[in-house]
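K.L.:
Could you have a look at this structure, given as structure tokens, before my questions?
The values are calculated or read from the model by the stated rules, or taken from the named source; none is laboratory data. None of these values were measured; they are calculated from a predicted model. Heads up, the Cβs are rebuilt from the backbone with ideal geometry, glycines too, and the neighbour counts pull from every protein chain shown. For the accessible areas, the whole protein counts, side chains as well, though only heavy atoms, and no ligand, DNA or RNA atoms are used. Shrake-Rupley method; radii C 1.70, N 1.55, O 1.52, S 1.80 Å.
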Amino acid sequence: QVQLVESGGGLVQAGGSLTLSCAASGSIFSISIMGWYRQAPGEQRELVATISSGGGRIYADSAKDRFTISRDNAKSTVYLQMNSLKPEDTAVYSCNAIIRRLLSTSSYNYWGQGTQVTVSS
């Protein structure tokens with residue numbers, strides 16, 4: 001089975017920084033796209049950033065100038081470096097990946113359990 005596990009969330013002051021990590025494990029053949037989404041209380045889940053296997057990146061407008069997404073293919077891990085954090089960034093951040101399993105003919109969408117990021121003013 002494929003599993004995504006996030007880490008790095010926590011409490012930080014406004015203006016501070018955090019780096020989230022998400023490691024994929026299991027019977028993986030390949031990982032095409034990895035990304036981060038977030039959901040604030042009472043809000044719908046929204047895209048934060050994605051990165052393809054070739055290094056192409058997409059950012060939400062709110063994240064573009066402050067966050068950096070990267071990945072370590074050898075470790076099947078994606079990172080989200082978050083700088084200049086604002087209280088509005090407070091949310092549960094979830095890792096997402098499109099993964100082809102060993103012996104599978106198709107890729108599927110997988111989600112981690114989420115990690116809480118809280119930014120205080």
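K.L.:
Over the chain, what relative contact order in percent results from Cα pairs under 8 Å that are six or more residues apart? Don't skip to the answer; put the middle values down first.
P.N.:
On the way: 307 pairs, mean separation 44.1, N = 121.
Once normalised by length, the contact order is 36 percent.
K.L.:
Using θ = phi - 60° and the Karplus relation 6.51 cos²θ - 1.76 cosθ + 1.60, list the HN-Hα couplings for segment 6-23 in order, rounded to whole Hz, with x at every Gly or Pro.
P.N.:
Along segment 6-23, the couplings run 8, 7, x, x, x, 9, 9, 6, 3, x, x, 10, 9, 10, 9, 10, 9, 10 Hz.
K.L.:
If you don't mind, another one. Under a crude label model (7 Å from the Cα following the beta-carbon direction), how far is ASP65 from SER107 in nanometres?
P.N.:
3.2 nm
K.L.:
OK, next. Have a look at VAL78, VAL48, VAL12 and tell me which one the Gaussian network model of the chain (Cα, springs below 10 Å) gives the largest fluctuation.
P.N.:
Of VAL78, VAL48, VAL12, the Gaussian network model singles out VAL12 as fluctuating most.
K.L.:
Sticking with this one: Could you check how much of the accessible area of segment 1-76 is carbon and sulfur, as a whole percent, using a 1.4 Å probe? Let's see the in-between values first.
P.N.:
Numbers: 1990 of 4230 Å².
Percent of accessible area from carbon and sulfur atoms in segment 1-76: 47.
K.L.:
With every protein chain kept in place and ligands, DNA and RNA left out, what is the accessible area per residue of segment 2-70? Probe 1.4 Å, answer in Å². Don't skip to the end; give the middle numbers.
P.N.:
On the way: 3620 Å² over 69 residues.
Dividing the accessible area of segment 2-70 by its residue count gives 52 Å².
K.L.:
Next up: Can you run phi through the Karplus equation (6.51, -1.76, 1.60; θ = phi - 60°) for segment 65-71 and list ³J(HN,Hα) in whole Hz, with x for Gly and Pro?
P.N.:
With the stated coefficients, segment 65-71 comes to 9, 10, 10, 10, 9, 8, 8 Hz.
K.L.:
What trypsin sites (Lys or Arg not before Pro) in segment 40-99 are in a loop by DSSP, with at most 16 other Cβ atoms within 10 Å of the Cβ? Please list the in-between numbers first.
P.N.:
Numbers: sites: ARG45, ARG57, LYS64, ARG66, ARG71, LYS75; in loops: ARG45, LYS64, ARG66.
Passing sites in segment 40-99 are ARG45, LYS64, ARG66.
K.L.:
Here's a follow-up. Hey, quick one: spin label on SER52, modelled 7 Å out along Cα-Cβ, who in segment 14-33 has an amide N within reach, i.e. under 12 Å?
P.N.:
Hits in segment 14-33 for SER52 at 12 Å: 32-33.
K.L.:
Hand me the GluC sites (Glu not before Pro) from segment 18-121 located in a DSSP loop with no more than 12 other Cβ atoms within 10 Å, in residue order please.
P.N.:
On the way: sites: GLU43, GLU46, GLU88; in loops: GLU43.
Hits after loop and neighbour filter: GLU43.
K.L.:
Just the number, please: percent antiparallel of the DSSP beta bridges in the chain, rounded to the nearest 5. Write down the numbers at each step before the final one.
P.N.:
Numbers: 43 of 47 bridges.
Roughly 90 percent of the DSSP beta bridges within the chain come out antiparallel.
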